[in-house]
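First the structure, in the form of structure tokens, and then the observations on it.
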Amino acid sequence: MENSKRPKVGLALGAGSARGLAHIGVLKELEALNVPIDYIAGTSMGALVGSFYSVGIKPEMISKLALNLSSGSWTDWSIPKKGLIAGDKIQEMLKILTKSKTFEQTDIPFKAVATDINNGDCVVIDKGPIHQGVRASISIPGIFNPVEYQGRLLVDGAVVERVPISVVKQMGADIVIAVDVTSYKKDAKVNNILSVLMQTFDIMENQLLKYKIIDYDIIIKPNVADIEGMQFDRVEEGVLAGQKAVQDKKDEILKVLKGGGIV
């Protein structure tokens, strides 16, 4: 019988486009270490992976889904007005994979982070259909059309909260495991509008994170610098990077959790 009085563990999954594939490997290794996850907050790709896990999809299955998804299954190019990709395809895919559940119906409490493009507010989404909230959280400015949601116009949460540590703390986490996939490839091939936007966004976020106070108990930083923002076909490399990052921190993770009487 689980000790209900034990410290609660929260997982903050950060943004990072294709580098966020490492989150799958992180989840896989945390499960192998029997680390209980009581709360999940995710930004952008962290919200996407976190949403799947919160509704009961295991890391191995998330990995298989990622391996078998072609870019054509989620990209619907639009005439540029507010974004290059309309986002309807990916929202429908998210609806199917999250089983049409709402945030109130998840197996593990989950919140997604987005940004109100009109006033710069950090918007924490925890009500309504998961697929709509995640669609808002992944709306990289200039690439995806913004999402009108709950009376706001929302874009990618990474603009204001790349790694949502404060959010998972507010959910009730006593111990926070933060996963930061912040990076950018310094010799990336920037040869089209998509790569220009992605590289610009990655550089901006990497710089912003340097000046933020990050209050975590454990931070996991997978080595994903070699993966470019739109290289979603590099699933196996991303997953392995996430696994290795947890393995490298195994002793520290177990020490913190043992100190809290968890493992």
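Each value in this text was obtained by applying a stated rule to the coordinates, not by laboratory testing. Remember, predicted model here, so these are calculated numbers, not experimental data. Glycine also receives a Cβ, built like all others from the backbone with ideal geometry; neighbour counts cover every protein chain displayed.
Measuring between their Cα centroids, segment 1-45 and segment 87-129 lie 17 Å from each other. For the cross-link pairs LYS127/LYS244; LYS58/LYS221; LYS5/LYS95; LYS101/LYS169; LYS95/LYS250; LYS64/LYS127, the ones whose C-alpha atoms lie over 32 Å apart are LYS127/LYS244; LYS5/LYS95; LYS95/LYS250.
Taking amide H as placed 1.01 Å from N in the peptide plane, TYR149 has its amide H under 5 Å from the amide H of LEU154, each at least 5 places away in sequence or on another chain. For the peptides 130-140, 10-20, 172-182, 218-228, residues were scored by their other Cβ atoms within 10 Å and the scores averaged per peptide; the highest-first order is 10-20, 130-140, 172-182, 218-228. Backbone phi angles across segment 105-118, fed through the Karplus curve with coefficients 6.51, -1.76 and 1.60 (θ = phi - 60°), yield HN-Hα couplings of 10, 6, 6, 10, x, 9, 9, 10, 10, 9, 10, 6, 5, 7 Hz in residue order; Gly and Pro are listed as x. Amide H to amide H distances under 5 Å link VAL123 with ALA114, THR115, ASP116, where only residues 5 or more positions off or on other chains count and H is placed in the peptide plane. Taking amide H atoms as placed 1.01 Å from N in the peptide plane, the amide H of ILE220 lies under 5 Å from those of ALA178, VAL179, ASP180, each 5 or more residues away in sequence or on another chain.
Across segment 244-256, coupling constants 3J(HN,Hα) worked out from phi with the 6.51/-1.76/1.60 Karplus curve, θ = phi - 60°, read 5, 4, 6, 4, 5, 9, 3, 4, 5, 4, 5, 5, 5 Hz, and Gly and Pro carry x.
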